[in-house]
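This report refers to the structure that appears directly beneath it.
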Amino acid sequence: MKCAKTWLCFLCCGMCLMFAYAQDDMILGTPQHEVLFRRFEELIEEDEANLEVLEELMVEEEENGQMQGKVNLNDLSAEMAYSVLHLSEYQYYHLLSYLSEYGALVSVWELNAVEGFSYEDVRRLSLLVTVENVRSRDVFFKNFFRKSKSSLLYRYGQVLEKQSGYDKSMEKHYLGSPMRMAFKYQFNSQGKFQLAVSGEKDAGEQFFKGAQKYGFDFYSGYVCLKDIGVLKKAVIGDFRLDFGQGLVVGSSLMSGKGGGVGAVRRFAGMVKPVAPLNEGSALRGVALTVGNYHYTSTVFAGFRNYDGNLLAGADSTLNFTGSLTNSGYHRTEEEQQKSDNLRSWVFGADFLYRHRVFRVGARAVYTLFNRPVLSSDRPYQQYNFSGKGMLNAGVDYQLIIKKMVLFGEVALSGNGGWALIQGALFSLSPGASFAVLTHYYDKKYIALQRSSSSKGEWGMYMTSQLVLNAKMGLDFYYDYSRFTWLQYRVDAPSQAMQAGVNMNIAVNRHSKLSFKYQYKVKDRNSSGDAWVKEVGPFHTSRLRLIWDCQPIELLKLKTEVDYVINHSRPLAYQHDGFLVYQDVGVDWKKTGLGFHVRLALFDTDTYEERLYAYEHDLYQSFTVNSHYDRGWRTFLLVSYSYRWFHVWLKLSQTYYLDKEEIGSGLDLIQKNHKTELKVQVMVKW
């Protein structure tokens, strides 16, 4: 790791220069999108198996906020308050009380007079909200086209090196080209009527010929009406469901460990229309929500097709043993039938009663498959789902008592399993908050529409946030879990613990320093060929240092250093990994040009020490790279905007110093580097 240490010394010198340049000033606020990116990194570290699903959810969360435009504070629904503005229940409750007592706001900065809103909260919200009179229904229809927005996006991507799957002389090969393509059209009228259509073609798939005579292999879309009288939302097309705390139905993003006090509580989005640019796990059907502030009822019915890969997202409890092959390459009829003919229908309803200090919800969901899902012979999957159908039901609540918020949910599954979540948030003072969350998942509990497949687990999570002064804040967290049944790579009941601290220092208005330390210990199998392996603790320590600096208006600099060490005495294992990168961003607003460059150096002993890092990508695209082995990665992202026209171009390459080939199977590249080109064009009107 000599080269890594040399690079670290160079970056430390650069950071010192940036520090010398800075002048003492007010605290630097964290942009909302940066918070979103950090959450994504944390989620990937916790749930790497569901990378594609998490990427899709992140895109949808960002898109949801951007499609709405600026939110009217005088007509703020609970959905918008929680999912777009990320307000706490305490803040939303006091905002409604203020509006009821004093009438409509006349300025965004009037929020400074509302209990629960700090100056930093108001400054952040000032970019996202507006203050207007509440529009009537007649005005909405009158301005349907005049106040509408449309956008059309086209995306292209390709790996530039030749992959083995495109050698037609092989028995199994890709039938199509290596190009990836996608498009999306969106229409939005005043946030009350939305329409979207998207299509996607994966690399290796045919296009307007062969098995894909209709062009793109995957199409998605929806039509959505919102907030018109008692009609809260009506969706026809593709949508996701998210109710309560997610024990029965949940597809929203939960923050990773260390996400802060506000991230402990799940803000359910209920019904979310989606048109993803990849083959996601959304339902396709009809959903209807009616009611008012106090009473809300939702009914839904939809179906989902499975194309072989059933191990992602909410369906990770399925044990279907069909082919997991990519639909783009040549397959036998038997493989095609196994992976393409499984479908589930989902029916359900949700009822919610809301008071300003109390809310309670109840829901029931039934999932039915067109043929039985097979059970698995793996011991740790003994309690996974098998059969044709499953009924789930649950009840959740929330109660505000002064500066304390209590919340929880209990749920049952048709096979007799049950699960429980109970949490509490405490606002101890303007500069101190604390949260605790307990959970229990019976080993028999199964919820096929849930974004997590945890079972046979109970534990507790605690976190606190402290504002030490105008320039410094501290976050702490501790998480403990005990598993009462076997797990993947754990052949006995086990336990896990995780703790961390995160310090943010605003050096001045131009620069910010973040320090994060994380420690994990989790029981794991020992290596060897024994049928039942010895289980021992596996320790992980990770240190992260981030420096953000904006010396002038058009220039942004970011330096990050990550170090991880894994060890286990019973398992005779000790390795470490290192990642350091430098970002340089230029946003030349006068010309509409933007540039973003990164040079990253990584050195890890094994794949276990892989380090994740978010990198800037195309609009409505999230990328978190996993860095392992030894090498470097660089990318150049160029963007240009002129009124209604926007274009992005990204060229990236990963170069390995200790490999002669990359990938495996049909994706094998017989070189030590991988280069990818992405282009995206979008027009708005």
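The values are calculated or read from the model by the stated rules, or taken from the named source; none is laboratory data. Because the structure is a prediction, the values reported are computed rather than measured. Counting neighbours? That spans all protein chains shown, and the Cβs are built from the backbone with ideal geometry, glycine included.
Might you let me know whether the range 109-124 holds any residue that is within 14 Å of Asn74 (Cβ to Cβ), assigned to a loop (DSSP other than H, G, I, E, B) and of a type outside the set (A, V, I, L, M, F, W, C)? No, the range 109-124 contains no residue that is within 14 Å of Asn74 (Cβ to Cβ), assigned to a loop (DSSP other than H, G, I, E, B) and of a type outside the set (A, V, I, L, M, F, W, C). Please work out if Lys678 is surrounded by fewer than 16 Cβ atoms within 10 Å (Cβ to Cβ), closer than 30 Å to Lys149 by Cα, at pLDDT 90 or above and basic (Lys, Arg). Taking the combined requirement at face value, the residue does not satisfy it.
Let's see how each residue does on (1) crowded, with 18+ Cβ neighbours inside 10 Å; (2) touching a strand residue (DSSP E or B) at 6+ places or on another chain (Cβ under 9 Å); (3) more than 30 Å from Leu73 (Cβ to Cβ); (4) modelled with pLDDT under 90:
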site	(1), (2), (3), (4)
Asn143	no, yes, no, yes
Phe218	yes, yes, yes, yes
Gly221	yes, yes, yes, no
Lys233	yes, yes, no, no
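For the range 551-571, a residue qualifies if it is in a strand (DSSP E or B) and within 19 Å of Glu608 (Cβ to Cβ), and the qualifying residues are Asp562, Tyr563, Val564, Ile565, Asn566, His567, Ser568. The residues in the range 633-650 that are over 15 Å from Trp588 (Cβ atoms) and more than 25 Å from the chain's Cα centre (by Cα) can be counted, and the count is 3. Within the range 115-133, the residues that satisfy the criterion of being under 19 Å from Lys402 (Cβ atoms) and surrounded by fewer than 17 Cβ atoms within 10 Å (Cβ to Cβ) are Glu115, Ser118.
Of the residues in the range 511-520, none is among the polar types (S, T, N, Q), touching a residue at least 40 places away in the same chain (Cβ under 8 Å) and surrounded by fewer than 19 Cβ atoms within 10 Å (Cβ to Cβ).
Comparison of Phe347, Phe407 shows that the only residue that is in contact with a helix residue (DSSP H, G or I) (Cβ under 9 Å, 6 or more places away or on another chain), modelled with pLDDT of 90 or more and not in a helix (DSSP H, G or I) is Phe407.
One line per residue, one yes/no per condition, for (1) surrounded by fewer than 17 Cβ atoms within 10 Å (Cβ to Cβ); (2) part of a helix (DSSP H, G or I); (3) in contact (Cβ under 8 Å) with a residue 12 or more places away in the chain; (4) not small (Gly, Ala, Ser):
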site	(1), (2), (3), (4)
Leu152	yes, no, yes, yes
Gly157	no, no, yes, no
Gly165	no, yes, yes, no
Ser169	yes, no, no, no
Lys172	yes, no, yes, yes
Pro178	no, no, yes, yes
Gln186	no, no, yes, yes
Ser198	no, no, yes, no
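Among the numbered conditions (1) farther than 19 Å from Leu637 by Cβ; (2) assigned to a strand (DSSP E or B); (3) in contact (Cβ under 8 Å) with a residue 12 or more places away in the chain; (4) not β-branched (Val, Ile, Thr), the only one that Gln574 does not meet is (3). Of all residues in the range 383-425, those being in contact (Cβ under 8 Å) with a residue 60 or more places away in the chain and farther than 21 Å from Gly250 by Cβ number 3. All of Ser375, Ser386 fail the test of being of a type in the set (Gly, Ala, Ser), under 23 Å from Trp345 (Cβ atoms) and out of contact with any Leu (no Cβ under 8 Å at 6 or more places or on another chain), apart from Ser375.
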